[in-house]
Amino acid sequence: MPIEIKIVTESDFDDFNDVADIGFLRLRERGQGPFRRTLFADEIAAGRAIGAYDGGRVVGTFANYANTVTVPGGAAVPVSAVTAVTVAQTHRRRGILSSMTAKAFRQSADAGVPLSMLIPSEWPIYGRYGYGHATDETRYTFESKRCATVRPLPGTVDFVSAPEWVQAGQAVYERVRVATPGAVERRNSWWEREAGLLTHDGEPRDKEWLFVVYRDEDGTPRGVATYQPREGGWEGFVPDNSAEVYMIAEDYVARVRLLQFLWEQDWLSSFSVDRFPADDTWRHLMVDPRLARQKQRYDVLWVRVLDVVAALEARTYEGEGRLVLAVTDPDGYADGVYALEGGPAGATAKRSTETPDLTLPVQTLGALYLGQHAASALARVGEAAEEKPGALALADRMFKTAVPPYCVTWF
């Protein structure tokens, strides 16, 4: 019997959910279909859950949920946020992922959505579908007792309840989101779930975490953090507890003020912060920036351009310029030659018959789109070709942003 790719209905969603959890080896999360069905009711109703069926059995999952992403210049651009992508181990190498991806691309293009994006579980998979690596994030570890700031930092940090943290965090996040290329909207009760207030079994888990808010001198929340202390070995009766931390901060001062609160906490000898931005200028507010030890830097958001004109016109550009881009796309959505004229005030783009200045595959356009990479660097590894002298330097001045993009939240 051939594999059928079709929209998942509400009645099929629980099976879809369990297959996705098995695919990610999250076996304890099976059975949460009814809970997630309520969270994602709008996406299910809109037909944005896609399944692969072998007879009546779900053997592949693909969520193509609607969202927006902030691009350079501050515009919120419609995007298909791809998640929950799995193929059953019993059905690999049958073209199931390719078929689900094709259906999702067609769905997005028909809806006029210019971008698709995802956070890949593995690097090698998604480039062949036209996605390009567009943002990075980092993980830092701090040895608490040796850290200090170069000067006193303003504001206060206070413990708050989970509901208070949710309220403050939503306000902070919205200001960060509109100012940060790569950031997406947080939907489907994200904050309540993150704080442990909304759970699949109805039992709150907010007591497992501590919640803090940083307020500036005017009392406005500018940063939030949540962390979970872990008891150490207390060798020699010396406390060596650690903690895992997640934080969101509007600026460098807010970020370091939250870090200072953590490294000055009694009985906390070290802590690690995950999902930090790649921009590390905040370290200059530390007496010894080497004590902020970057343990990992990893790719997060990958972008796939479906409508080149709409995507290029949605963002602004660091420097003024005009480029003719030849984009290659085996799936056809982005394939063509485009004349782009843009700068800090905006841009126009249109299909063109001109000789191109640059030739690049669609995945390279996705990698450049949010401003992380330099076109000249990608060209050095064969991911773009300069057809006109000076075109790569101009692309660098236009596309690359002074501050790297940052996804801020996962989906």
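The values are calculated or read from the model by the stated rules, or taken from the named source; none is laboratory data. All of these numbers come straight from a predicted model, not from anything done at the bench. Because the Cβ atoms are built from the backbone with ideal geometry, glycine has one as well, and the counts that use them run over all protein chains shown. With ligands, DNA and RNA removed, areas are computed over all heavy atoms of the protein, side chains included. Shrake-Rupley method; radii C 1.70, N 1.55, O 1.52, S 1.80 Å.
Checking each residue in the range 380-389 for being within 23 Å of G182 (Cα to Cα) and either among the small types (G, A, S) or outside any loop (DSSP other than H, G, I, E, B) (or both) picks out only A384. Would you point out the residue of the range 255-293, among those that are open to solvent by less than 50 Å² (accessible area, probe 1.4 Å) and in a loop (DSSP other than H, G, I, E, B), that is farthest from D136 (Cα to Cα)? The extreme case among them is Q265.
Quick one: which residue in A254, A243 is of a type in the set (A, V, I, L, M) and more than 14 Å from D158 (Cβ to Cβ)?
Working: A254 fails: more than 14 Å from D158 (Cβ to Cβ).
Checking each option against the conditions leaves just A243.
Residues that are over 20 Å from the mean Cα position of the chain (by Cα), surrounded by fewer than 19 Cβ atoms within 10 Å (Cβ to Cβ), on the phi > 0 side of the Ramachandran plot and not in a strand (DSSP E or B) do occur in the range 213-234, at least one of them.
Scanning the range 323-339 for residues that are within 16 Å of L368 (Cβ to Cβ) and outside any loop (DSSP other than H, G, I, E, B) returns L323, V324, L325, A326, V327, T328, Y338. The set of residues in the range 331-384 that are hydrophobic (A, V, I, L, M, F, W, C), more than 25 Å from D136 (Cα to Cα) and either under 26 Å from the mean Cα position of the chain (by Cα) or surrounded by fewer than 22 Cβ atoms within 10 Å (Cβ to Cβ) (or both) comprises V337, A339, A345, A347, A349.
Of everything in the range 391-411, what is part of a loop (DSSP other than H, G, I, E, B) and open to solvent by less than 40 Å² (accessible area, probe 1.4 Å)? Give them in sequence order. Passing the criteria: T401, P405, Y406, C407, V408, T409.
Being assigned to a helix (DSSP H, G or I) and within 19 Å of V150 (Cα to Cα) is the filter; apply it to the range 235-254 and report the residue that is most open to solvent (accessible area, probe 1.4 Å). Explain how you work it out, then say what you get.
In the first step, residues of the range 235-254 are kept if they are assigned to a helix (DSSP H, G or I); the result is 235-237, 252-254.
If we keep only those that are within 19 Å of V150 (Cα to Cα) too, we end up with 252-254.
Values: Y252: 81, V253: 42, A254: 0 Å².
Filtering first and then ranking leaves Y252.
Quick check on F142: is it more than 25 Å from P72 (Cβ to Cβ), touching a Phe, Trp or Tyr at 6+ places or on another chain (Cβ under 6 Å) and modelled with pLDDT of 95 or more? Explain how you work it out, then say what you get.
Values: more than 25 Å from P72 (Cβ to Cβ): yes; touching a Phe, Trp or Tyr at 6+ places or on another chain (Cβ under 6 Å): yes; modelled with pLDDT of 95 or more: yes.
Here the answer is yes, as F142 does meet what is asked.
Hey, any hits in the range 350-371 for a residue that's aliphatic (A, V, I, L, M), at pLDDT 95 or above, part of a loop (DSSP other than H, G, I, E, B) and out of contact with any Asp or Glu (no Cβ under 9 Å at 6 or more places or on another chain)? Yes; the residues of the range 350-371 include at least one that is aliphatic (A, V, I, L, M), at pLDDT 95 or above, part of a loop (DSSP other than H, G, I, E, B) and out of contact with any Asp or Glu (no Cβ under 9 Å at 6 or more places or on another chain). Cβ-Cβ distances below 7 Å connect no pair with a first residue in the range 276-292 that is on the phi > 0 side of the Ramachandran plot, a second residue that is of a type in the set (A, V, I, L, M, F, W, C) and not in a helix (DSSP H, G or I), and a separation of six or more residues or different chains.
Within the range 146-203, if we keep just the residues that are closer than 30 Å to D240 by Cα and either modelled with pLDDT under 95 or of a type in the set (D, E) (or both), the residue that is surrounded by the most Cβ atoms within 10 Å (Cβ to Cβ) turns out to be E194. Residues that are open to solvent by 10 Å² or more (accessible area, probe 1.4 Å), touching a His at 6+ places or on another chain (Cβ under 9 Å) and polar (S, T, N, Q) do occur in the range 31-48, at least one of them. The residue list D335, D266, D240 contains one member that is at pLDDT 95 or above and of a type in the set (D, E), which is D335.
Quick one: in the range 315-329, of everything that is open to solvent by 20 Å² or more (accessible area, probe 1.4 Å) and in contact with a Pro (Cβ under 9 Å, 6 or more places away or on another chain), which residue is farthest from A367 (Cα to Cα)? It comes out as E320. Within the range 153-181, which residues are more than 30 Å from T316 (Cα to Cα) and not in a helix (DSSP H, G or I)? Listed by number, the residues that qualify are L153, P154, G155, T156, V157, D158, F159, V160, S161. With respect to being open to solvent by 70 Å² or more (accessible area, probe 1.4 Å) and modelled with pLDDT of 95 or more, L25 fits the description. Among the residues making up the range 1-30, a single one is of a type in the set (G, A, S) and without any contact (Cβ under 8 Å) to a residue 60 or more places away in the chain: S11.
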